[in-house]
Amino acid sequence: MSIPSKIITREDVAMLDADDPLARCRDLFQIPDSVIYLDGNSLGALPKSVPPRMSRAIEQEWGVGLIRSWNDADWYPAPQRVGKRIAPLIGAAADEVIVADSTSINLFKVLVAALRMRPGRRRIVGERGNFPTDAYVASGVAELMDAEFVAVEPGAVLDAIDERVAIVSLTHVNYKSGRVYDMAEITRRAHAVGALVVWDLCHTAGAMPCDLNGCDADFAVGCGYKYLNGGPGAPAFVFVAQRHHAALRQPLTGWHGHARPFAFVEGYEAAPGMDRMLVGTAPQMGLISLEAALEAFDGVDMQALRRKSEAMTDLFIRLADQELAGFDFGLATPRDATVRGSQVSLTHPEGYAIMQALIARGVIGDFRAPDILRFGFAVMYLSFGDVWDAVATLKDTMARKAWMAPEFRQRKAVT
Ligand SMILES: Cc1ncc(COP(=O)(O)O)c(C=O)c1O
């Protein structure tokens, strides 16, 4: 998949589609004909495998099976089972991943657990410009544990890792810029000074290959509703390297993390392995939806997915250069595909209104304050033709000044 270096034409783009080994995957998803969906980095599209599975779960397992389904429909072991399905997508072993709670809550659990593993150290290093929940949770943990949270510029992270640091807590692919950290290099540096690393994989899992164990990672968290397509508010996953399991003490000691939840005994006794990362009753419908959604990854070569993602984001950037010159857009994403996740972010002072005008025409991305138009490329259900059409629609929206209409300036609660 190579994009010609000359002016790009619609025919060039058609050739990229003809060459696409993942084109068949689009049919696994239900996407309205009138929509070009470039927001799979916020909420993944609906896999066709989900509605029939959910309908069975609701009507048969809940409606008829009732409470019996915790045993008879295998609801109870779903957190482990779905974790096992996610594991190969992030380079983890099957017994190192479990699905539970939200990313924010899992972050809280692993940050406290990691701090407890480094009793002599009180510093958590994070990055400026990370997704806010990561910084908010790290600050909350620091306050609770009498530690300190220090956020440094992304380029200063390596230098900030020294013997005082207990935890380095970073998001692998930045939610705004799409910039990718070198997981192996940062983990190596942290381990060299005795620190642990927590990775947020929200914009990584399902979007690009990831090799947690190959990088000797310690902890990771990530959500189920973006590139994994589990549905709105789908439960999140958490990874803890096998070598840390024995010492793992997370703070939310609920009954589902107990060694014998149904013994109803007094006193908490942590379950073995990752089971102790569970807290309370699992959101079963969300788990079932996520499990069905993950079928879309069956047989998908993550290296091929990455090649398509790099080609697609390259194409978007090249077309933006070619078609949008003079409209005051900037590029907030690295041009170098090797350090770019599966997204492209453009900047514009009128970004919010422009994105609303674009959405009104069926090209769906999102906006991140103060000025970022964010386009996510969940490449399993996107064609190169979609990219061409999206940029053409953006150009037309700008040329006609369509975004100036008052209805596009009214801020909605979710941007
Ligand atoms: C990097 C990152 N971390 C965490 C979250 C959200 O966490 P939660 O699912 O707990 O709301 C997001 C959501 O967009 C995110 O981009």
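Scanning segment 66-83 for residues that are in a helix (DSSP H, G or I) and either not hydroxyl-bearing (S, T, Y) or not assigned by TED's automatic domain parsing to the domain that holds R56 (or both) gives L66, I67, R68, W70, N71, D72, A78, P79, Q80, R81, V82, G83. The requirement of being at pLDDT 95 or above, closer than 30 Å to V414 by Cα and exposed (fewer than 13 other Cβ atoms within 10 Å of the Cβ) is fulfilled somewhere in segment 43-56, by at least one residue.
Among the residues of segment 84-104, those that are in a helix (DSSP H, G or I) and within 16 Å of the ligand (Cβ to nearest atom) comprise I86, I90, T103, S104.
Considering segment 105-183, the qualifying strands (runs of 3 or more DSSP E), each wholly inside and each with 2 or more residues that are within 30 Å of A234 (Cβ to Cβ), within 14 Å of the ligand (Cβ to nearest atom) and touching a strand residue (DSSP E or B) at 6+ places or on another chain (Cβ under 7 Å), run over 123-127, 165-171.
Across segment 76-101, the qualifying residues are those that are touching a strand residue (DSSP E or B) at 6+ places or on another chain (Cβ under 9 Å) and farther than 17 Å from L212 by Cα, and the one among them that is surrounded by the most Cβ atoms within 10 Å (Cβ to Cβ) is V82.
Taking each residue of segment 27-43 that is within 16 Å of the ligand (Cβ to nearest atom) and looking for partners that are basic (K, R) with beta-carbon atoms closer than 6 Å, six or more apart or interchain, yields N41/K226. A residue that is in contact with a Ser or Thr (Cβ under 6 Å, 6 or more places away or on another chain) and either of a type in the set (D, E, K, R) or more than 16 Å from the ligand (Cβ to nearest atom) (or both) occurs nowhere in segment 229-237. If I filter segment 374-383 for residues that are within 18 Å of K176 (Cα to Cα), surrounded by fewer than 24 Cβ atoms within 10 Å (Cβ to Cβ) and not assigned by TED's automatic domain parsing to the domain that holds H203, do I get at least one hit? Scanning segment 374-383, I find no residue that is within 18 Å of K176 (Cα to Cα), surrounded by fewer than 24 Cβ atoms within 10 Å (Cβ to Cβ) and not assigned by TED's automatic domain parsing to the domain that holds H203, so the answer is no.
The values are calculated or read from the model by the stated rules, or taken from the named source; none is laboratory data. Note that the structure is predicted; figures quoted are calculated from it, not measured. Note that we place each Cβ from the backbone using ideal geometry, even for glycine, and neighbour counts take in every protein chain shown.
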